[in-house]
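See below for the structure under consideration.
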Amino acid sequence: MASAGGGALSILEYFGGEDGNRCGYCKSEASSMSHGMWAHTLTVQDYQDLIDRGWRRSGKYVYKPLMNQTCCPQYTIRLSASNFQPTKSHKKVLKKVLKYLHAGEVSHSKDEGTSGEPMDSQADSPVSCNVSIPDKSEIPEEELKPLNIEQEETVEDGESDKQEATRASSLCDRQEHCIQNAEVETHSHSNPKPGQGVDVTKPPCRKAKDIRKERRMQKHPSTNPACKAKGNCSKSVEEFISPPENSAHHLEVKLVPVSMEDPEFVSSFDRSAALYAKYQIAIHKDLPYKCSPAEFTRFLCDSPLELETRPDGPACGYGSFHQQYWLDGKIIAVGVIDILPYCVSSVYLYYDPDYAFLSPGVYSALREIAFTRELQKRAADLRYYYMGFYIYSCPKMRYKGQYKPSDLLCPETYLWTPIEECLPLLERSKYTRFNSNPKEGDKDMLTELGRVRVLYKRTVMPFSRYKKRHKGPNDEAAVRQYAGLVGQTCAERMLLYRS
């Protein structure tokens, strides 16, 4: 597939990364291992393909754990947003927030799903895992503009159609089913029989609670007992997050593009940065100097993704965004997300610790799932919600598996496998291949090193031409490793910067 966005190009520097670092999960020294790249620019399609090969970004740093060597293997996890149904624990959180907004009250319960904040991705970040991120080597401006593109006669900018493997699943029309059941349930009350009391022409007296129950059932068919018994009428997330009328508190969720050219992003920057510092110091015990506006910018505002719009895409476009949660005119939480061609990818969540009683991690995750479903109405391919990494070897990081139906990415074939099939394998070994077919391999494995695209001395060229021009040390091994990790498709489409 050709790069979208008016000929935008991805430009990356590859760092390698076999040296071990301290692990943020098991706390072992020099045992966390990953490959890393600095992304100067990155198209949303290229990043989509990279995360579908186990990569993930932190700011402009893009990293991929060495799954068979690192102490705590991190498996990419995705949720089918359209098929998601909230659990009882999820609903308790939704009801709690709804009650707080409506009446200004909150109830505290031990089983409200607050253990583990799903989109608090601090543990996913190489920053928290003490991965040593190399200082980015600035590409001189003259190296980027203008670019001369050289190609061998046999080298073309090939287009590869992305084939997304999805499980076939069909869901009944719950609303219609519930309404039909409700009509059957209430039909007996529509023509009451004459009573036996003083006035036989009138129906018998009915208890007030029965009348209220009937009215509730007519207004909300999903409360129908017959429907509940069949398990087909569970309330959706969207029904829970609808703003209540005449509420005590007003909650507004604003989607703001991460851009210093966007007025809303600029006007809210100071408040957002202050909230980030408050969160990091209170929740993660960071020192104040590590939570400066500059660090906030590097970690959560600097994004390599190029903003793109497409005729068949979401109205907001693709790229990096902040979802700001404004409560009564005050920012209390910010969810950092990437909107990509096939998914909404959660990057990070930070919130005001004073509102931890609302379980903002769980609540924001559910809101982001609902947001993904909203985007799918306009962009049919955008149907998944990526939650970062699933780490079975760290019990506190298993909570993401509670969001179903979810898949884990096979670290060898890069095919998706339902998490239920993965768990028995992970119980036996923390690193495992999920695909059971031993003949199945990486369909996008490196096959032609010469076709890898390189940016060298202001010129874009295939690696075969670069080898003839480059006079320095032989770096073929590093280029081969990079291309093998990103796959043939991305290696031919992205530009690998060589100085």
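A compact table of results
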read-out: Residue list for the range 400-431, filter: charged (D, E, K, R), under 19 Å from P86 (Cα atoms) and in a helix (DSSP H, G or I); value: K400, E420
read-out: Some residue of the range 357-377 being free of Cβ contacts under 8 Å to residues at least 12 places away in the same chain, under 24 Å from L94 (Cα atoms) and either part of a loop (DSSP other than H, G, I, E, B) or in contact with a Pro (Cβ under 8 Å, 6 or more places away or on another chain) (or both); value: yes
read-out: Test: residue in the range 347-355 that is surrounded by fewer than 17 Cβ atoms within 10 Å (Cβ to Cβ) and under 17 Å from Q74 (Cα atoms); value: no
read-out: Given (1) touching a Leu at 6+ places or on another chain (Cβ under 8 Å); (2) more than 27 Å from M387 (Cβ to Cβ); (3) at pLDDT 95 or above, index of the condition C490 fails; value: (2)
read-out: Every residue from the range 358-386 that is touching a helix residue (DSSP H, G or I) at 6+ places or on another chain (Cβ under 7 Å), farther than 23 Å from I331 by Cβ and among the hydrophobic types (A, V, I, L, M, F, W, C); value: L382
read-out: Any hit, the range 33-52, residues being within 19 Å of Y431 (Cα to Cα), over 16 Å from the mean Cα position of the chain (by Cα) and among the small types (G, A, S); value: yes
read-out: Some residue of the range 472-487 being free of Cβ contacts under 8 Å to residues at least 60 places away in the same chain, within 22 Å of Y47 (Cβ to Cβ), among the small types (G, A, S) and surrounded by fewer than 20 Cβ atoms within 10 Å (Cβ to Cβ); value: yes
read-out: So Y348, is it modelled with pLDDT of 95 or more and assigned to a strand (DSSP E or B); value: yes
read-out: Every pair of residues 6+ apart whose Cβ atoms lie under 6 Å, when the first sits in the range 323-346 and is buried (at least 21 other Cβ atoms within 10 Å of the Cβ) while the second is of a type in the set (K, R); value: Q324/K254
read-out: The range 19-57, residues that are part of a strand (DSSP E or B) and buried (at least 23 other Cβ atoms within 10 Å of the Cβ); value: S32, S34, M37, A39, L42, R56, R57
read-out: Scan of the range 244-291 for residues that are among the hydroxyl-bearing types (S, T, Y) and either touching an Asp or Glu at 6+ places or on another chain (Cβ under 8 Å) or within 26 Å of P304 (Cα to Cα) (or both), ordered by number; value: S259, S267, S268, S272, Y276, Y279, Y289
read-out: Tally of residues being part of a helix (DSSP H, G or I) and either touching a residue at least 40 places away in the same chain (Cβ under 8 Å) or closer than 27 Å to Y414 by Cα (or both) across the range 445-471; value: 6
read-out: Residue among G388, G401, G450 that is small (G, A, S), touching a strand residue (DSSP E or B) at 6+ places or on another chain (Cβ under 8 Å) and farther than 30 Å from S31 by Cβ; value: G450
read-out: Complete set of residues in the range 310-331 that are assigned to a loop (DSSP other than H, G, I, E, B) and within 17 Å of D46 (Cβ to Cβ); value: R310, G313, G317
read-out: Residue satisfying all of: in the range 259-307; part of a helix (DSSP H, G or I) and touching a Gly at 6+ places or on another chain (Cβ under 6 Å); surrounded by the most Cβ atoms within 10 Å (Cβ to Cβ) among these; value: F299
read-out: Failed item in (1) closer than 30 Å to L423 by Cα; (2) assigned to a strand (DSSP E or B), with V334 passing the rest; value: (1)
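The values are calculated or read from the model by the stated rules, or taken from the named source; none is laboratory data. All of these numbers come straight from a predicted model, not from anything done at the bench. For neighbour counting, all protein chains shown are included, and Cβ atoms are generated from backbone atoms with ideal geometry for every residue, glycine included.
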